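Contents: one structure, followed by commentary.
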Amino acid sequence: MSDLKVTLIQADLYWEDIEANLRMFDEKINSIGERTEVVFLPEMFSTGFSMAPERLAQKMDGSAFQWMKKKAAEKNIIITGSLIIEENGKYLNRLIWMLPNGTYGTYDKRHLFGYAGEHEHYEGGDKRLIASVKGWKINLNICYDMRFPVWARNRIVEETGAPAYDVLVYVANWPERRNTAWKTLLRARAIENQCYAIGVNRVGNDGNNIYHSGDTSLIDPMGEIIYEKAHDQDIFTYTLSRERLDEVRKNIPFLKDADAFTILD
């Protein structure tokens, strides 16, 4: 399988201003000066991490979703990030995996951040989303999910003899005051799951005056830091090496020795 070029966008979000954020990300994606294949945006990239879904939620045909669809087609890229979505009378922190042809996958955040009252406003999901592109399997998650390693645990798939996924992603609004956990857990997730790990966070103060230092990162399957950016807005593009991933898994094949388990709701 071939390599995969990805772009991570770390941005200072406009608080609860959907159209301003869409214009901002439109400009940032237009500024990418090289060919890329997948663009990762932060959690709730059109609003910031707001507990006001009654005012901000859009349906799946809303302006933010339509922007993702249009931009993915225009640039011939995959775009992913999470939005506040209303569906069947429920509010969801929903990650959209948007392909250039307009087809898409969704993941509803499983672990809602009780400390901020997220569980009081949003419904949690119960299904993982492992997307495929160019033979790569990408496990997509949202922010607080990072604290729960069982949900992300990689396993050998019996039918193929290969791990379930190759890249583990967290899109986030993770505050600076807990960034030691962010940095530590993201590296741990890469090492224990023998995969690339991507964490895309926002920067700046949100509407509750909570500061986010970003620390958007890309970690290799051995836990080595390929990229880490704090405080400033940034756009980073990198080619994930299939050869590197396969070499690590061949030389240290510990995933086959992992404990079997079942996740119960």
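Rule-based calculations on the coordinates, nothing more; no lab input. Worth saying up front: this structure is predicted, and the values here are computed from it rather than measured. Ideal geometry is used to build each Cβ from the backbone, glycine not excepted, and the neighbour counts take in all protein chains shown.
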Original post:
Rounded to the nearest 5, what % of the DSSP beta bridges within segment 84-174 are antiparallel ones?
Top reply: 75
Original post:
Are there GluC sites (Glu not before Pro) in segment 159-265 that DSSP marks as loop and that have at most 12 other Cβ atoms within 10 Å, and which are they?
Top reply: Glu159, Glu224
Subject >> Filtered trypsin sites (Lys or Arg not before Pro), segment 28-110: DSSP coil and at most 15 other beta carbons within 10 Å >> reply: Arg35, Lys59
Subject >> Whole-number percent relative contact order across the chain, with pairs defined as alpha carbons under 8 Å at least 6 apart >> reply: 20
**OP:** May I ask what percent, to the nearest 5, of DSSP beta bridges between residues of segment 125-265 are antiparallel?
**Re:** 65
**OP:** Work out the FRET efficiency for Met222 and Arg242 from their Cβ-Cβ distance, taking R0 = 22 Å, and round it to the nearest 0.05.
**Re:** 0.90
Original post:
What is the spin-label model distance, in nm, from Thr262 to Val150 if the labels are put 7 Å beyond Cα along the C-beta direction?
Top reply: 1.3
Original post:
Using 0.36 nm per residue, how much length does the chain from Ala20 to Ala230 gain when fully extended, once their Cα-Cα distance is taken away?
Top reply: 73.3 nm
Original post:
For the chain, what is the mean residue ellipticity at 222 nm derived from helices alone (per DSSP H run of n ≥ 4: -39500 (n - 2.57); sum divided by total residues; nearest 500 deg cm²/dmol)?
Top reply: -6500 deg cm²/dmol
Original post:
How much length is gained if the chain between Ile191 and Ser63 is pulled fully straight, taking 0.36 nm per residue apart and subtracting their Cα-Cα distance, in nm to one decimal?
Top reply: 42.3 nm
Original post:
Can you give the angle from 0 to 90° between the axis of helix 63-75 and the longest principal axis of the chain, with both taken from C-alpha atoms, to the nearest 10?
Top reply: 50
Original post:
In what sequence do Asp220, Asp232 fall when counting other Cβ within 10 Å, fewest first?
Top reply: Asp232, Asp220
Original post:
How many nm separate the modelled label positions at Glu120 and Glu34, each set 7 Å beyond the Cα in the direction of the Cβ?
Top reply: 4.6
Original post:
How much length is gained if the chain between Phe254 and Glu27 is pulled fully straight, taking 0.36 nm per residue apart and subtracting their Cα-Cα distance, in nm to one decimal?
Top reply: 77.4 nm
Original post:
For segment 4-257, what proportion of DSSP beta bridges, expressed in % and rounded to the nearest 5, is antiparallel?
Top reply: 70
